[in-house]
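The values are calculated or read from the model by the stated rules, or taken from the named source; none is laboratory data. Nothing here was measured: the structure is a model prediction, and the numbers come from that model. Reconstructed Cβ throughout: ideal geometry from the backbone, glycine too, with neighbour counts over all protein chains shown.
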Amino acid sequence: MSNGINTYLTMIIIPVAVSCTFFQERRKVPIARVDHSVLYLKEIQNAIPDHFSVEDSLLYAEDYIHKWINNELLIKKAQENLTISQKDLAKEIREYRNSLIIYRYQNELMQQKLDTTVSESDISVLYDSVKQDFILDKDLVRAILVRIPLSVANPGKVKVFCDAISAPSLEELDAYCKKNKGSFELFSPSWADARQVFRLLPYQPQNLQRFLACYTIWETRDASYYYLVRILDYTPAGNPSPVGYISSNLKEMILNKRKNEFLEKTRKDIFTEGLINNKFKIYAHEN
């Protein structure tokens with residue numbers, strides 16, 4: 001980069017060192033030019049983030065100048081090679097502006113008037129009609145996984161906690177695990193991939209799907225810990241997804257349907273209003 005531009009870059013990053021009178025007299029200090037387009041000092045100053053160091057600001061300014069030049073050259077090349085009709089953007093700009101205005105208006109209307117409350121009943125009704133479209137490709141479980149040091153493990157007590165799934169029993173299990181430097185994970189009420197759950201154990205059933213179909217408790221241990229998995233519920237692969245597993249998808253489907261219906265009704269209402277108030281006219285022409 002030339003010494004002249006380096007001087008300007010220094011002015012960019014430490015403007016306080018430059019006389020205020022200088023900038024009042026020369027508000028537009030040119031930095032670069034491509035044909036009739038000019039890049040001014042003020043534009044680069046405004047673009048540099050305030051928290052940048054002197055070194056970072058110099059690099060940023062240099063990159064900004066190069067990008068500006070490249071962009072202007074590309075525009076110039078395009079203008080030289082496109083036809084007059086290809087360069088006429090009036091229609092595209094008008095259509096884009098109109099689309100943006102409509103989009104913002106519709107969004108504002110929906111924020112004010114669209115009912116976004118989705119009840120469990122709404123989800124249940126939709127689930128019954130679409131569940132065959134959500135067939136599982138993996139086994140799902142709701143489960144409890146407990147890990148307790150072998151030195152203090154009491155399998156019988158842990159099983160009692162896990163058999164009675166309630167808030168008090170889970171609180172007792174949590175206290176028991178903390179007291180004995182163990183831990184537990186609750187995969188409920190949300191569903192979890194069965195294989196992901198059992199991968200947390202040192203040893204897994206040889207045939208996981210067969211085990212899940214027949215049993216609800218799996219116990220294993222390694223050199224340091226006793227592990228117990230209590231299966232609370234199980235949905236095999238090949239079956240419709242449980243409603244809780246896809247509830248967020250169902251809620252989104254319900255809201256999207258409401259949005260589409262709301263926007264369609266809005267369009268019809270606006271048309272009817274325009275018709276009643278003579279806001280438009282359709283010309284009839286004889287053949």
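General remarks:
- Test result for residue 198, under 36 Å from the mean Cα position of the chain (by Cα), within 10 Å of residue 143 (Cβ to Cβ), surrounded by 12 or more Cβ atoms within 10 Å (Cβ to Cβ) and hydrophobic (A, V, I, L, M, F, W, C): yes
- Residue 141 touching a helix residue (DSSP H, G or I) at 6+ places or on another chain (Cβ under 6 Å), not small (Gly, Ala, Ser) and not assigned by TED's automatic domain parsing to the domain that holds residue 253: yes
- Of all residues in the range 202-236, those that are part of a loop (DSSP other than H, G, I, E, B) and at pLDDT 95 or above total 1.
Residues are listed down the side, and each one gets a yes or a no for (1) loosely packed, with under 10 Cβ neighbours inside 10 Å; (2) under 23 Å from residue 253 (Cα atoms); (3) free of Cβ contacts under 8 Å to residues at least 60 places away in the same chain; (4) under 24 Å from the mean Cα position of the chain (by Cα):
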| residue | (1), (2), (3), (4) |
| --- | --- |
| 83 | yes, no, yes, no |
| 90 | yes, no, yes, no |
| 95 | no, no, yes, no |
| 101 | no, no, yes, no |
| 111 | yes, yes, yes, yes |
| 117 | yes, yes, yes, yes |
| 125 | no, yes, yes, no |
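- When the helices (runs of 4 or more DSSP H) confined to the range 95-198 are screened for residues that are more than 25 Å from residue 211 (Cβ to Cβ) and among the small types (Gly, Ala, Ser), those reaching at least 1 such residues are found at 120-130, 167-179.
- Only residues that are over 23 Å from residue 207 (Cβ atoms), exposed (fewer than 12 other Cβ atoms within 10 Å of the Cβ) and touching a residue at least 40 places away in the same chain (Cβ under 8 Å) were counted across the range 133-162, and they come to 1.
- The requirement of being without any contact (Cβ under 8 Å) to a residue 24 or more places away in the chain and not in a helix (DSSP H, G or I) is satisfied by residue 50.
- Candidate set from the range 256-285 (those that are among the hydroxyl-bearing types (Ser, Thr, Tyr) and farther than 19 Å from residue 110 by Cα); member that is farthest from the chain's Cα centre (by Cα): 283
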